[in-house]
Amino acid sequence: MLEADVEVNRRDFTVRAEINVGQGERLALFGPSGAGKTTLLEAIAGLVPLRRGGIVLGGRVLTATAARPRIAVPPAKRKVGLLRQDPGLFPHLSVRANLTYARSAKPTEAELTWTADALGITELLAEMPARLSGGQAHRVALGRLLLAHCDVLLLDEPYTGLDARLRRSLTELVVSVVGQRRIPAVLVTHELPDAQAFADRLAVLDRGRLLQDGKPDEVVLAPASRRVAELLGYLGFLPVRPVSGGGGPPLTAGIHPDRVVRAAFPDRGLVLTGTVVGARPAGAAWEVDLQADGHQVTFRLTELPPALGTNLAVTAIEPPCFGPDGLAVPADAAVRPWLAGGSAGSPPQAGTAGGSAGSSLAAGPAERSGGSAPRTSGARQAHD
């Protein structure tokens with residue numbers, strides 16, 4: 001198990017984070033560039049000193065600032081494997097020699113053959129790094145890491161610049177090896193699909209602080225704060241207010257572009273009506289901009305959207321709501337009464353704020369009620 005309680009000074013802010021990764025567990029550190037993700041990995045690897053904290057790997061104390069004298073095991077003796085964006089191959093060594101270079105790497109010929117075959121580099125073992133493509137060099141670097149038999153794998157955006165198919169195959173290989181060897185693994189990325197493909201747990205880091213930690217799907221569907229939602233790709237934030245059943249503070253609903261369906265389904269979430277002001281291809285789908293009551297919402301549809309200027313009704317499925325402090329509000333009937341299963345009339349028209357007697361909330365465009373509660377684990381965690 002990896003246990004890291006880290007405090008590291010940086011020029012703009014201090015990284016303060018605590019993570020625990022179990023045997024065979026995969027954690028993705030997700031956040032924007034410059035959030036402190038790489039600093040955290042470098043601290044675990046012993047490459048940057050801690051201002052305060054401790055790091056324990058498999059019961060071995062690697063760093064302890066409270067001990068007298070301080071404990072700081074040198075990087076070469078930590079049995080920590082770190083793979084960066086730059087493959088870092090030794091240019092004077094062949095691919096085979098690079099694969100077996102690590103002090104702890106004493107693979108049998110069968111293991112070397114299996115690794116090279118799994119990475120698709122069997123035909124390259126005699127080649128020199130200068131003759132490799134970027135993708136081939138990354139595969140060799142990953143093979144070297146796996147053959148070193150480290151006690152933890154730290155992957156610092158190792159797939160940057162690689163095509164989607166290669167990223168997927170390398171991720172699948174690492175996931176398989178981590179499970180077989182029962183070692184902890186940490187991936188740093190600012191690409192959410194990479195994080196979700198890799199991780200058992202997703203931790204969101206911003207300016208040196210862990211904002212939320214949980215199962216990847218739960219973190220995305222129930223962000224703990226508006227800031228977390230912004231980092232996770234929510235592209236629309238609409239004001240919502242109670243229109244019946246009492247007052248309460250003003251709320252903001254977060255709209256994720258992949259959690260929107262065409263047409264009004266008041267029993268499934270927030271109905272929005274407005275004018276199509278933009279549309280463009282997005283992979284096999286279409287990305288659409290909807291202007292509704294002074295707010296623009298961006299979402300994706302699988303079918304061809306209507307022409308610009310057309311009125312359109314869509315439903316944001318169970319959107320998370322945030323209070324004035326930016327923190328997620330609980331998903332209970334007192335805050336989002338559609339979860340109580342109350343009656344619902346027809347949705348309000350575009351640009352209106354009211355609804356029928358059964359309506360409990362109103363958004364700038366429109367909203368109706370009925371459905372089941374989204375998951376909100378960790379919904380009141382600290383917000384930065």
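The values are calculated or read from the model by the stated rules, or taken from the named source; none is laboratory data. Quick caveat, the model's predicted, so the values are computed rather than measured. Neighbour counts run over all protein chains shown; Cβ positions are idealised from the backbone, glycine included.
Strands (runs of 3 or more DSSP E) wholly in the range 1-55 with at least 1 residues that are in the same structural domain as LEU83 (by TED's automatic domain parsing) and closer than 14 Å to VAL204 by Cα - which ones? Counting at least 1 such residues, we get 14-21, 26-30. Going residue by residue through the range 265-284, is there one that turns out to be in contact with a helix residue (DSSP H, G or I) (Cβ under 6 Å, 6 or more places away or on another chain) and surrounded by 17 or more Cβ atoms within 10 Å (Cβ to Cβ)? No: the range 265-284 contains no residue that is in contact with a helix residue (DSSP H, G or I) (Cβ under 6 Å, 6 or more places away or on another chain) and surrounded by 17 or more Cβ atoms within 10 Å (Cβ to Cβ). Residues that are in contact with a Pro (Cβ under 6 Å, 6 or more places away or on another chain) and hydrophobic (A, V, I, L, M, F, W, C) within the range 48-94 comprise LEU83, LEU89, listed in sequence order.
Might you let me know whether the range 169-179 holds any residue that is out of contact with any Ser or Thr (no Cβ under 8 Å at 6 or more places or on another chain) and under 28 Å from ILE317 (Cβ atoms)? Yes: the range 169-179 contains one or more residues that are out of contact with any Ser or Thr (no Cβ under 8 Å at 6 or more places or on another chain) and under 28 Å from ILE317 (Cβ atoms). Considering the range 300-333, and only residues there that are part of a loop (DSSP other than H, G, I, E, B) and aliphatic (A, V, I, L, M), the residue that is surrounded by the most Cβ atoms within 10 Å (Cβ to Cβ) turns out to be VAL329.
The residue list PRO129, PRO91, PRO74 contains one member that is at pLDDT 90 or above and closer than 25 Å to LYS37 by Cβ, which is PRO74. Just one of the listed residues (PRO306, PRO319, PRO330) is touching a Leu at 6+ places or on another chain (Cβ under 7 Å), farther than 18 Å from GLY236 by Cα, in the same structural domain as LEU238 (by TED's automatic domain parsing) and at pLDDT 65 or above, and it is PRO306. Applying the criterion of at least 1 residues that are modelled with pLDDT under 95 and of a type in the set (Ser, Thr, Tyr) to the strands (runs of 3 or more DSSP E) found wholly in the range 207-299 leaves 251-255, 269-282. Within the range 143-157, the residues that satisfy the criterion of being under 22 Å from the mean Cα position of the chain (by Cα) and either over 22 Å from LYS37 (Cβ atoms) or buried (at least 21 other Cβ atoms within 10 Å of the Cβ) (or both) are VAL152, LEU153, LEU154, LEU155, ASP156.
One residue alone among ARG139, ARG144, ARG96, ARG168 is assigned to a helix (DSSP H, G or I) and touching a Phe, Trp or Tyr at 6+ places or on another chain (Cβ under 9 Å), and that residue is ARG144. Against the test of being of a type in the set (Val, Ile, Thr), buried (at least 22 other Cβ atoms within 10 Å of the Cβ) and modelled with pLDDT under 95, the options THR189, THR160, THR171 yield a single qualifying residue, THR189.
Surrounded by fewer than 14 Cβ atoms within 10 Å (Cβ to Cβ) and at pLDDT below 90: does that describe GLY342? Criteria not met by GLY342.
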